[in-house]
Amino acid sequence: MTSADTAAATATTRGRGDSSSNSARFGDDPDSVIDAQAALIRRKGLLDDVIDGIQVGIIVVLFIGILLAAIFADSLPTIFPATKPFYDAFVAIPSFVRSLPEYVLAAWDQVPMSVDEGRALVGLFSQWFNEILQTLPYKKCVIVFSFATYLWEAKLDLRQRNRLREVRRPAAIESFIPRQAYLEANAYGLDKSSLALVRNAFMQVQTYVIIDRDLVPLLWEFTGDVMETYLGLAADQEIIRSVLFFVATTLISTVLTLPFDLYSTFVVEKKHGFNKQTFGLYVSDTIKSLLLTFVFGGGIMAALLWVILKTGSAFVLYAWGLMASVQLLAIVIYPTFIQPLFNKFDPLPEGELRTEIEALASRLNFPLKKLYVVDGSKRSGHSNAYVFGFFKSKRIVIYDTLINQCTTEEIVAIVGHELGHWKKNHILRTLLAVQLQVLVIFYSFGLFVGERRMYTSFGMDETPVFIGLVFFQYLYQPLDSLLSFGTNVLSRKHEFEADAFSKKLGYAEKLRSGLIKLQIENKSVMNPDPLYSAFHYSHPPLVERLNAIDDPEVAPKTD
C-alpha cells in the first residue's frame, strides 16, 4: 500500500466523524493508519464487481431455468432443444435412485468367488474399457474436464478471497500476531489472489481455444515444415520433431505468461517489499531458465520418447525407470550445478550460528559436509533453509534473509526442523510417493497412447507419442488434482513430524517464535480458508503448527 493510498483511506475513515463506528467495523484501532489499511482491504474493486456480477448472473440463469421447467414441463426439450441433455439427466434421477438396490444386488452377484471368476471379471472389465476408449468423445471430455477443474479452483480461490477480506484477527493468533502484520499479509494475499484469478481465467480461455480450434495439429504441421524447409530433415523423424514442438510450445507459453510474471514480480512483489531484482536480472534469469529447459527438458523428453518407441506396449516400467533415474540425478545436479547459475553460495562465516549448527549436526550424527549461506536477498525478501545431498555428503543451505530476520537460536531451531526431515526419512518417502504418482501416470497413459480415435478427435492425422502425451495430460486433470491433494496430505504430515523432532531436541519455544517471525516477514496468509488450504498448502497453517508445538503430549523434550 502506498503512502498516498494510506492517506486517502485515513481521510475517508476520519471523514465519517464517528470513531466508535470505525472501531466496530474495522477492529481496535479507530481513526488510525492501521484502521485505514483495514478499510482498503474491505474496499472492493472492479475485479470484485465482475465476480459478483458473474455470481448473480449464474443465480439468475438457474432461477430462469427452474421457472421455465415449471412452466413448460415435458414440453421444455421440444421448445428449447438445447435443454434436452439437462432435462433427460434430471428426469432420470428418480428412476436411477429406485433402481439402486437392483444395481447393488447385480453387482454383488458378480463378485468373484474363485481365481477363475476373478480372471473372467477382469477380462470383461478390460473388454468394456476398451470399447469405451474406442467410442469416447475425447475432445468433449477434455473441454468438460478442463472447465470442471477450472471452476473448482475458482471456487476455492473465491473462498480464500473472502477470508482475506476479514480485518479482525482470529482469537487464536490475536496474542502474538500484530494487527498491522495481519492486515499486511491479507493485503498481499488479495493482490496475489487478484492476479491469480485473472491469470487462471486467461489460461482457461487459452486451453479452450487450443483444443476447440485444433491448434496442436497446426503447430505439429508447422514443425514438420520447418524440418523439411530449413533443416533439411525428413518430417517423419518423430523424436526430433517432438523436440522442436516442445521448444515451440515452451516459447509460446513463456510469451503468453510473461505479462503476468512481470506484473507479479515488479508490481505485486515490489509493492509489498519483496522484489529485489532489477529488470536486467529478471531478463537474465528468464533466458537462463529457457536455455536450461531446452537443454535438459528437450534431452529428457527425447530419451523418454526413444524408450517408449523402442519398448512398445511394455514401455511403462522402462519409462518409469528412466524418469526415476532422472529425478535422482536432478537432486544431485540442481543444487550443485544449476542453482549456482542463479545464486551465490558462500560458506557460512565462522561465528555463533555456525558453531551452533555444527554442534547440532554432530549431536544427531548428521554427515554435514558443507554449510552455505545463499544470497536470496538478491531477488526476494522471502526466506528459507533446506538440506540436500546423498549418503555421507550432506549440505545445509540458509538464506541470508533468514539470518537477517531471526535470532541464532531461532535459526538453529528451524535447522533442527529441516534435520527432522532427514532423520525421519521424509525425503525418501516423498520420492517414493512421487515415483508412485509417475508410475500411475505412465500406466494410465499406456491405456490411451495406442487409441487412434484420441488423435483423430483432436484433428491429428498422425499418432506421435509426444502429442498423445499432450492430449492425455488434459484427460488426466481430475486424477492429477486428487493425487496432488494426497501429496499435500503427506507433506503436511511430514511438517508436523519435523516440528515435533525440533521440539524434542529442546527448541520448542525458539521454533515457535521463529515460525511466527517467518509468517510475519513473508506476509503469509494467517487465517486461510480450510478447503483452500487443504488443496493448495503443502505446509500446515501456522495456528495448527503452533497448537501441535504447544501440546504437552506431542514430542516431550529428550536429552
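The values are calculated or read from the model by the stated rules, or taken from the named source; none is laboratory data. For clarity, every value in this text was computed on a predicted model and none was experimentally measured. For neighbour counting, all protein chains shown are included, and Cβ atoms are generated from backbone atoms with ideal geometry for every residue, glycine included.
Checking the stated criteria, Ala196 turns out to be surrounded by 17 or more Cβ atoms within 10 Å (Cβ to Cβ) and of a type in the set (Gly, Ala, Ser).
Checking each residue in the range 510-537 for being in contact with a Leu (Cβ under 9 Å, 6 or more places away or on another chain), polar (S, T, N, Q) and outside any helix (DSSP H, G or I) picks out Ser524, Asn527. Inside the range 271-284, residues that are part of a helix (DSSP H, G or I) and either aromatic (Phe, Trp, Tyr) or in contact with a helix residue (DSSP H, G or I) (Cβ under 9 Å, 6 or more places away or on another chain) (or both) make up a count of 4. Among the residues that make up the range 408-425, is at least one of them hydrophobic (A, V, I, L, M, F, W, C), over 20 Å from the mean Cα position of the chain (by Cα) and not in a helix (DSSP H, G or I)? Among the residues of the range 408-425, not one is hydrophobic (A, V, I, L, M, F, W, C), over 20 Å from the mean Cα position of the chain (by Cα) and not in a helix (DSSP H, G or I), which makes the answer no.
Among (1) surrounded by fewer than 19 Cβ atoms within 10 Å (Cβ to Cβ); (2) part of a strand (DSSP E or B), which single condition is Ile398 missing? Exception for Ile398: condition (1).
Has the range 492-505 got any residue that is closer than 30 Å to Lys310 by Cβ, of a type in the set (Gly, Ala, Ser) and buried (at least 16 other Cβ atoms within 10 Å of the Cβ)? Looking for residues that are closer than 30 Å to Lys310 by Cβ, of a type in the set (Gly, Ala, Ser) and buried (at least 16 other Cβ atoms within 10 Å of the Cβ), one finds none in the range 492-505, hence no.
Is it true that some residue in the range 151-170 is among the small types (Gly, Ala, Ser) and closer than 29 Å to Leu479 by Cα? Yes, there is a match, as at least one residue in the range 151-170 is among the small types (Gly, Ala, Ser) and closer than 29 Å to Leu479 by Cα. Between Lys504, Lys493, the distinction of being touching a residue at least 40 places away in the same chain (Cβ under 8 Å) and of a type in the set (Lys, Arg) belongs to Lys504 only. Consider Leu518 carefully, then state whether it is within 30 Å of Arg363 (Cβ to Cβ), buried (at least 16 other Cβ atoms within 10 Å of the Cβ) and aliphatic (A, V, I, L, M). Yes.
Here is a yes/no grid of residues against (1) outside any loop (DSSP other than H, G, I, E, B); (2) at pLDDT below 90; (3) crowded, with 18+ Cβ neighbours inside 10 Å:
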{"residue": "Pro349", "(1), (2), (3)": "no, no, no"}
{"residue": "Arg354", "(1), (2), (3)": "yes, no, no"}
{"residue": "Ile357", "(1), (2), (3)": "yes, no, yes"}
{"residue": "Leu360", "(1), (2), (3)": "yes, no, yes"}
{"residue": "Asn365", "(1), (2), (3)": "no, no, no"}
{"residue": "Lys369", "(1), (2), (3)": "yes, yes, no"}
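Candidates Ile427, Ile467, Ile396, Ile403: the one that is more than 23 Å from Ile333 (Cβ to Cβ) and in contact with a strand residue (DSSP E or B) (Cβ under 9 Å, 6 or more places away or on another chain) is Ile403. Against the conditions (1) within 30 Å of Ser513 (Cβ to Cβ); (2) under 21 Å from the mean Cα position of the chain (by Cα), Phe176 satisfies every one except (2).
Against the conditions (1) more than 30 Å from Asp157 (Cβ to Cβ); (2) loosely packed, with under 13 Cβ neighbours inside 10 Å; (3) of a type in the set (Gly, Ala, Ser), where does Ser253 fall short? Just the number, please. The number of the failed condition is (1).
Only one of the listed residues (Gly514, Gly468) is small (Gly, Ala, Ser), touching a helix residue (DSSP H, G or I) at 6+ places or on another chain (Cβ under 8 Å) and closer than 30 Å to Gly224 by Cα. That residue is Gly468.
Checking the range 237-259 against the condition returns a match, with at least one residue being within 27 Å of Leu195 (Cα to Cα), free of Cβ contacts under 8 Å to residues at least 40 places away in the same chain and more than 22 Å from the chain's Cα centre (by Cα). Specify the residue that is surrounded by the fewest Cβ atoms within 10 Å (Cβ to Cβ); the eligible residues are those in the range 371-388 that are under 25 Å from the mean Cα position of the chain (by Cα) and closer than 21 Å to His426 by Cβ. That would be Tyr386.
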